[in-house]
1. Under Stokes-Einstein, with the Kirkwood radius over Cα pairs standing in for Rh, what whole-number D in µm²/s applies to region 1-42 at 37 °C and 0.692 mPa s?
2. Starting from region 14-96, pick out the GluC sites (Glu not before Pro) whose DSSP state is loop and whose Cβ has at most 11 other Cβ atoms within 10 Å.
3. Count charges around LEU68 for me, please; just the other residues with Cβ under 13 Å from its Cβ, Lys/Arg as +1, Asp/Glu as -1.
4. For the chain, with a Gaussian network of springs between Cα atoms less than 10 Å apart, report the residue from LEU93, LEU188, LEU68 with the top mean-square fluctuation.
5. Using θ = phi - 60° and the Karplus form 6.51 cos²θ - 1.76 cosθ + 1.60, what ³J(HN,Hα) does each residue of region 79-96 get, whole Hz, x for Gly and Pro?
6. Enumerate the amide H contacts of TYR51 below 5 Å, restricted to partners 5 or more residues apart or on another chain; note that Pro and chain-start residues carry no placed amide H.
7. Which entry in (1) 7, 25, 23, 19, 16, 8, 2, 0; (2) 7, 21, 23, 23, 18, 7, 1, 0; (3) 8, 35, 37, 18, 2, 0 matches P(r) over Cα pairs in 10 Å bins from 0, in percent derived from the coordinates of this structure?
8. For region 17-88, report the convex hull volume of the alpha-carbon atoms normalised per residue, in Å³, without decimals.
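All of the numbers you see were taken from the coordinates with simple rules; none came from a lab. Predicted model, so just to flag it, every value in this text is computed and none were measured. Cβ: placed from backbone, ideal geometry, glycine included. Neighbour counts: every protein chain shown.
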Amino acid sequence: MEGRVVSRVTRAPVSGASVDVSPFRQNGDSGRAVTDGAGRFSVGGLAPGSYDLVVSAPGFSQPSRRGLTVASGERFEVELELTGTGAVEGHVLDGADQPVQGALVTGGSRWGGGLGQVPAEARTDSEGHYRLEGLSAGPQFLKARREGATLGVSQRADVKEGGTAKVDFTLEETGTVEGVVRATGSPLPTSLAVRAFAQGRSRFSPTDMALAEVDTA
């Protein structure tokens, strides 16, 4: 399996990109290569069959091609286009429009070297400003929360290649909910948990919820 890795916009070759080949829909290392100055790569010694191919490069999103089938003696040629990354920045304010310092903003994904795509995160400064760079282009969901808080506020960001999206957050003051769980007519299960989440949201993710285990009392 061989080919070329180029920038989707400029069509320029991307050198130093990591190309990883694995069995189709399976974990495993069937071969790997690094693109040269012309953006070319070659992974040899592949047995006949179907493979998945993933490309990683700093400053670009991580594309993949699934189910590439190589026949015996065949040289399978493929060209991969990489989409550049973008950024998101904005401010985190409280209910009185005052900056929230030290708030954590998480979400999206960016290239993490040998770790592949990793979540991005940033802390707000004294003016409540944050900036996340190197994000994969496309729709991303970000979350902002106060230091020590279990829940926060989520918003969507449309990340453009080479651009910077603006997303601001408003965080209200936090509070605590506590109580007792009682059973009627039967003993309590040995394992219980209480979930908390904000009402009125049209979309949920696991990070939009807080979880507390119920103790023996």
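1. The Stokes-Einstein estimate is 301 µm²/s.
2. GLU74
3. Counting the neighbours of LEU68, the net charge comes to -2.
4. Of LEU93, LEU188, LEU68, the Gaussian network model singles out LEU188 as fluctuating most.
5. Residue by residue, region 79-96 yields 10, 10, 9, 9, 9, x, 8, x, 9, 10, 9, x, 10, 10, 10, 8, x, 9 Hz.
6. PHE24, GLY67, LEU68, THR69, VAL70
7. It is the one labelled (1).
8. Values: hull volume 7.0 nm³, N = 72.
So the per-residue Cα hull volume is 98 Å³.
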